[in-house]
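Worksheet: the structure to be examined is printed underneath.
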Amino acid sequence: MSIAINTIEENLLEENKRGSCPSEFGFGTVFSDHMFTQEYEVGRGWYDAEISPYHNLSLDPSAAVLHYSQEIFEGLKAYRTPDGGINLFRPEDNFARFNRSARRMVMPEVDSAFHLEALTRLISIDQSWVPNQEGSSLYIRPTMIATSPKIGLGASANYCHFIIVGPAGPYFTGGFNPISVYISDDYRRAVVGGVGEAKTGGNYAASLFISEDVAKKGYTQVLWLDAVEGRYVEEVGAMNICFVYEGKRIVTPALSGSILAGITRDSVLQLAPTLGYEISEERLDINQILADIKSGLITEVFGCGTAAVISPVGQFAFKGEDYVINNNQSGDVSKHLYDELTGIQYGIKDDPFGWTQKVQL
């Protein structure tokens, strides 16, 4: 299937273009001039693939996504390299996860090669929106929503797949400084057998109540425990979680079916051994974790995800008690991983894994 570029509408909206990347931006609030869209209908397949000016979507009030949350999304980044080029980081893995989420949510898959072509053409057109400030990137949000006008419960017959992009600074306003994390004792994010391992909005909607509540108390994120026993560590709201033992062994919760398989998590698991660290994926009891923090066996904790990259955790709160890690300071291991991983992403360091791809401009 070919991708059309809507030049007629482009000319009409030329005077309304937002232009190139602004000098100041946060995370996820500013978007580029163009977007990619395509439509799907059962029996017809994908059609009307095009790149056109950024615009609002038109939906019937009875569209299935608005009533039954049949939708998925992804998050990845493009990075400005020292030579002025643009790198993508492991896009095929994001597109593979997009399709896994689609299967779980009874939605059509998108050909990964076509997905990549659409994205690279969009970035090439809006290349002036890829920022070059230190620590910045172009955040990429592929999304699919169910659009059939129906309020009867069941999978939609029509879908819209779109990609929007925009410049992004650090996810957390404090940069690489440690964040504080509240461990939820009363609320749960997802259950094994549910949709926890799919990247779908319902998982995040379930987290909003407690996240907003503890934010008022000064906590940055929420750490979720398993939904059956409320005992085993799963993930943080915006990222996976890792624990460092005695500065040399990195332990992260094993994927259970309710934990999102993070691309950055997998990158850490592959990268860390090449830097001299031991790695382990285990079922982690929160009571043991907190005891190991108290005893000093756990010397660092960090989250990892596309948005945050590597984010040190300086403090946990659980059942009215605070647990401080590394004197609430970022540690050597998390900084080492951050420097090496971002070095690969921005093309500053060699990429022995073949993770990065140059966007043809």
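The values are calculated or read from the model by the stated rules, or taken from the named source; none is laboratory data. Everything numeric in this text was worked out from a predicted model, so none of it was measured. When we count neighbours, we look across all protein chains shown, and the Cβ atoms used for this are built from the backbone with ideal geometry, even at glycine.
Structure summary
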read-out: Number of the exception - R283 against (1) exposed (fewer than 13 other Cβ atoms within 10 Å of the Cβ); (2) closer than 21 Å to V214 by Cα; value: (2)
read-out: Residues of region 227-254 satisfying the condition of being closer than 23 Å to V214 by Cβ and of a type in the set (V, I, T); value: V228, V233, V236, I241, T252
read-out: Residue list for region 287-308, filter: out of contact with any Leu (no Cβ under 9 Å at 6 or more places or on another chain), within 17 Å of Y232 (Cβ to Cβ) and in a helix (DSSP H, G or I); value: N287, Q288, I289, L290, D292, I293
read-out: Residue within region 207-221 that is part of a strand (DSSP E or B) and assigned by TED's automatic domain parsing to the domain that holds I241 present; value: yes
read-out: Condition check for S128: polar (S, T, N, Q) and out of contact with any helix residue (DSSP H, G or I) (no Cβ under 9 Å at 6 or more places or on another chain); value: yes
read-out: In region 28-68, the residues that are of a type in the set (G, A, S) and over 19 Å from the mean Cα position of the chain (by Cα); value: G43, G45, A49, S52, S58, S62, A63, A64
read-out: Residue match in region 313-320 (condition: at pLDDT below 95, under 25 Å from the mean Cα position of the chain (by Cα) and on the phi > 0 side of the Ramachandran plot); value: no
read-out: Filter result (surrounded by fewer than 21 Cβ atoms within 10 Å (Cβ to Cβ) and either among the small types (G, A, S) or free of Cβ contacts under 8 Å to residues at least 12 places away in the same chain (or both)) within region 244-261; value: G247, A254, S256, G257, A261
read-out: Residue check, D339 assigned to a helix (DSSP H, G or I), without any contact (Cβ under 8 Å) to a residue 24 or more places away in the chain and of a type in the set (D, E, K, R); value: yes
read-out: Residue in region 134-154 that is surrounded by fewer than 17 Cβ atoms within 10 Å (Cβ to Cβ), without any contact (Cβ under 8 Å) to a residue 40 or more places away in the chain and not small (G, A, S) present; value: yes
read-out: Qualifying positions in region 265-321 - closer than 30 Å to R141 by Cβ, free of Cβ contacts under 8 Å to residues at least 40 places away in the same chain and among the β-branched types (V, I, T); value: I279
read-out: Criterion (modelled with pLDDT of 95 or more and within 20 Å of the chain's Cα centre (by Cα)) met by exactly one of V244, V236, V268, V251; value: V268
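So that you can scan it fast, the table gives a plain yes or no per residue for (1) in the same structural domain as L116 (by TED's automatic domain parsing); (2) modelled with pLDDT of 80 or more; (3) over 23 Å from A307 (Cβ atoms):
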position: E9; (1), (2), (3): yes, no, yes
position: R18; (1), (2), (3): yes, no, no
position: C21; (1), (2), (3): yes, yes, no
position: E24; (1), (2), (3): yes, no, no
position: V30; (1), (2), (3): yes, yes, no
position: T37; (1), (2), (3): yes, yes, yes
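Residue-by-condition table, conditions (1) surrounded by 21 or more Cβ atoms within 10 Å (Cβ to Cβ); (2) touching a strand residue (DSSP E or B) at 6+ places or on another chain (Cβ under 7 Å); (3) of a type outside the set (S, T, Y); (4) modelled with pLDDT under 95:
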position	(1), (2), (3), (4)
Y47	no, yes, no, no
S52	no, yes, no, yes
P61	no, no, yes, no
H67	no, no, yes, no
G85	no, yes, yes, no
P91	yes, yes, yes, no
F95	yes, no, yes, no
R100	no, no, yes, no
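Here is a yes/no grid of residues against (1) out of contact with any Lys or Arg (no Cβ under 7 Å at 6 or more places or on another chain); (2) modelled with pLDDT under 95; (3) assigned to a loop (DSSP other than H, G, I, E, B); (4) over 30 Å from L119 (Cα atoms):
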position	(1), (2), (3), (4)
A155	yes, no, yes, no
Y159	yes, no, no, no
I164	no, no, no, no
F172	yes, yes, yes, no
N177	yes, yes, yes, yes
Y182	yes, no, no, yes
D186	yes, yes, yes, yes
R189	yes, yes, yes, yes
V192	yes, yes, yes, yes
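Residue by residue, here is whether (1) farther than 13 Å from P253 by Cα; (2) touching a strand residue (DSSP E or B) at 6+ places or on another chain (Cβ under 6 Å); (3) not aromatic (F, W, Y) holds:
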position: L275; (1), (2), (3): yes, no, yes
position: S280; (1), (2), (3): no, yes, yes
position: N287; (1), (2), (3): yes, no, yes
position: G296; (1), (2), (3): yes, no, yes
position: E300; (1), (2), (3): yes, yes, yes
position: P312; (1), (2), (3): yes, yes, yes
position: Q315; (1), (2), (3): yes, yes, yes
